[in-house]
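One structure below.
No lab work stands behind these numbers, since they all come straight from the coordinates. Just so it is clear, the structure is predicted and the values come from calculations on it, not from any experiment. Reconstructed Cβ throughout: ideal geometry from the backbone, glycine too, with neighbour counts over all protein chains shown.
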Amino acid sequence: MRARAFQIEAEGGPLRRVDKALPSAGPGEVVVALRATTINNHDLINLAGGYRGLPLPRIPFSDGCGEVVDVGNAVSGLRRGDRVIVQFFPNWQAGPPTAAALSTVRGDHVEGCLQTHLRARADAVFKAPDHLSDAEAAALGCSGLTAWRSLVVEGCLKPGQVVVVQGSGGVSTCAISIAHALGARVIATSSSNDKLLQARALGADATVNYREQPDWAKAVLKLTEGRGADHIIEVGGPDTFAQSLRALSLGGHLSVIGALTGTHGTDLSPRAIMAKNATVKGITVGSREHLQDFCRMVASTGMRPRIARSFVWTDADAALACMREQRHFGKLALAITD
Ligand SMILES: NC(=O)c1ccc[n+]([C@@H]2O[C@H](COP(=O)([O-])OP(=O)(O)OC[C@H]3O[C@@H](n4cnc5c(N)ncnc54)[C@H](OP(=O)(O)O)[C@@H]3O)[C@@H](O)[C@H]2O)c1
């Protein structure tokens with residue numbers, strides 16, 4: 001039996017399917033027979049050649065869930081048959097982010113999950129919550145953990161607080177589920193009324209269509225009797241940042257996560273941050289320690305990341321095209337088979 005993978009061989013070039021020898025686990029390592037991966041915006045940028053200095057060829061995709069099929073010497077706590085998820089930052093175990101912890105990303109610098117068999121350090125995978133499907137579990141690794149760290153680790157979310165999520169992608173839908181499970185009040189925004197209905201079904205208490213109401217901050221202020229939101233998950237970037245600050249409560253927590261509207265500057269005045277007494281926190285996913293706490297919460301609440309659609313992994317190009325169209329609500333998944 002051979003392992004199979006899709007790899008990037010030239011920056012911005014197509015994915016190429018390759019056969020590989022089946023890996024075996026060295027000391028401190030495991031081999032995971034992957035069953036699912038989910039797509040992140042990061043993967044789109046990686047495939048488009050948007051990150052400089054990455055090795056070629058490389059196997060992309062950071063998210064993964066599968067079964068441990070080989071365990072090397074000096075590994076404790078994992079056995080064959082365990083179902084695990086794969087960490088985004090394999091070197092970030094615990095503590096605050098450091099340059100060393102953030103220097104290695106799964107799918108960028110070390111082999112990613114668009115393959116049947118992943119060899120990884122045992123401390124870079126983590127047991128998956130039992131109640132989740134493989135795709136749901138894979139989705140915890142990047143967007144789920146980002147939402148968790150934003151709201152709970154850094155934002156110290158409390159029941160009854162107001163959370164605003166922007167749009168209906170992987171991070172935002174996971175943030176709806178986390179906030180709802182922890183007793184917060186969620187205001188979801190989207191460009192689509194159909195997606196806003198889905199957001200309500202997932203746990204949003206109020207919704208705003210940001211295309212119909214471009215001044216969506218005003219709508220958030222109205223929905224909160226002028227107080228504003230305690231937490232905002234900022235995925236828009238330059239074109240949404242100033243409004244996010246307007247929609248924030250005094251002393252609120254703004255998690256800066258994404259830049260879906262581009263990388264140009266914003267006309268925001270730093271004075272607005274001061275006047276709001278705001279905490280503006282940049283977030284890049286999270287550590288193993290954060291993932292451990294998140295998985296515990298997921299297991300105890302029964303929370304499930306929303307999978308919008310699942311593709312066969314050999315149809316990765318179709319799934320990536322679907323991701324670019326932004327018509328999904330939640331995560332797009334790929335089912336990996338031998
Ligand atoms: N910092 C981190 O650790 C981290 C981790 C994960 C993701 N990210 C970043 O976070 C962003 C979102 O990632 P994702 O995986 O959730 O993406 P995604 O699944 O592709 O989500 C895309 C959705 O975002 C919404 N959107 C687009 N433009 C918007 C705007 N101007 N205002 C409000 N919503 C808008 C749209 O929702 P509607 O169709 O409902 O309007 C769109 O469907 C990306 O920039 C990604 O790179 C960062």
With label points set 7 Å from each Cα along the Cα-to-Cβ direction at residue 76 and residue 99, the distance between them in nm comes to 3.3
Dipole magnitude of the chain, debye to nearest 20 (Cβ charges: Lys/Arg +1, Asp/Glu -1, about Cα centre) | 340
Test item: Cα-centred dipole of segment 144-282, Lys/Arg +1 and Asp/Glu -1 on Cβ, debye | 240
Segment 1-38 and segment 42-115 have their Cα centres apart by a whole-number Å value of 12
To the nearest 500 deg cm²/dmol, what mean residue ellipticity at 222 nm is calculated for the chain from DSSP H runs of n ≥ 4 alone, each contributing -39,500 (n - 2.57), summed and divided by the residues?
-> -7000 deg cm²/dmol
Please work out whether segment 167-242 counts as rounded, prolate or oblate from its C-alpha gyration tensor, where a ≥ b ≥ c are the square roots of the eigenvalues and a/c under 1.5 means rounded, while otherwise a/b larger than b/c means prolate and anything else oblate?
-> rounded
How far apart, in nm, are two points set 7 Å out from the Cα along the Cα-to-Cβ line at residue 56 and at residue 16?
-> 1.0
Just how large is the dipole of segment 12-73 about the Cα centre, in debye to the nearest 20, putting +1 at every Lys and Arg Cβ and -1 at every Asp and Glu Cβ?
-> 320
Listed residue (256, 182, 282) projecting farthest to the positive dipole end of segment 144-282, Cβ model | 182
Going toward the positive end of the dipole of the chain, with +1 on Lys and Arg Cβ and -1 on Asp and Glu Cβ, which of 128, 312, 322 do you reach last?
-> 128
From the Cα gyration tensor of segment 144-282, with a ≥ b ≥ c the square roots of its eigenvalues, which class applies: rounded if a/c is under 1.5, or else prolate if a/b is larger than b/c, or else oblate?
-> rounded
Mean Cβ-within-10 Å packing, highest first, puts peptides 236-247, 174-185 in the order 174-185, 236-247
Under 5 Å between amide H atoms, partner at least 5 residues away or on a different chain: which partners does residue 66 have, H built in plane at 1.01 Å?
-> 35, 84
How about segment 1-76: which trypsin sites (Lys or Arg not before Pro) there are in a DSSP loop, with at most 13 other Cβ atoms within 10 Å of their Cβ?
-> 2, 52
